[in-house]
Amino acid sequence: SSSSSSSSSSSSSESEEPAVLSNAAKLRLPDDGHDDVKVVSWAVNEGDRVESSDAVCEIETSEYSYDFQTNEGGIIAKIMKPNESHVKPGEVLAYVAKSEEEGHEILAALSEVAASESAPEPSLPEDADLELHAFLHALDSDMSRYLERFSEEGFDSMAAIATITKEDLVAMGVKKGHIRVILKGVEALAHPENENENENENE
């Protein structure tokens, strides 16, 4: 087969969903005036075949519960809202594929979308830990030992470390001298222009 996938030009349309998803049959929660709606339980699993008007899951609103019926026949490719999920009107409960092949395409497209959405701001590399490690190591070669502690406390990226405070560092048991160095490094990250001013003052 000579069908080379031409999906490499997706960078121009980041927010648009892949054609596979926009064309796929979806089970959407209807807007019946209820905002607080919950999926109680699914009667089907991913990979199950369903017929049009099959009851696929139980929906609970603030006033009543009802069986959600599919208006599409096919294979449940991906359940987007598992049991106990809160759902807003118009949100996709599940994707229904016409064939197993389409089911695989839907899953591939969804994982692609998830990967692009979970990517941090473009300024951060995919593996921010390496950058954080380099940042600490550049301050003092002895600092790398704090990396694991920082990660445990949620300071696992450069964006997170930029918000760290003296209290955070004290609470994590960082040595006094190191606290000063780290805060100075973080300050320089936030205001790189101040660094030059300080140098000028020192002259």
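Where a number appears in this text, it was derived from the coordinates with a stated rule and is not lab data. Everything numeric in this text was worked out from a predicted model, so none of it was measured. FYI the Cβ positions are ideal-geometry reconstructions off the backbone, even for glycines, and counts take in every protein chain you see.
Some observations on this one:
- The alpha-carbon of residue 184 sits under 20 angstrom from the alpha-carbons of these lysines, leaving out residues fewer than 8 places away in its chain: 166, 175, 176.
- A crude spin-label estimate for the pair residue 35 and residue 153, with each label 7 Å from Cα along the Cβ direction, gives 3.7 nm.
- Förster radius 41 Å - calculated FRET efficiency between residue 91 and residue 49 (Cβ-Cβ, nearest 0.05): 0.95
- Cα-based reach from residue 26 at 18 Å (exclusive), listing lysines while leaving out same-chain residues under 8 positions away: 38, 78, 81, 88, 98
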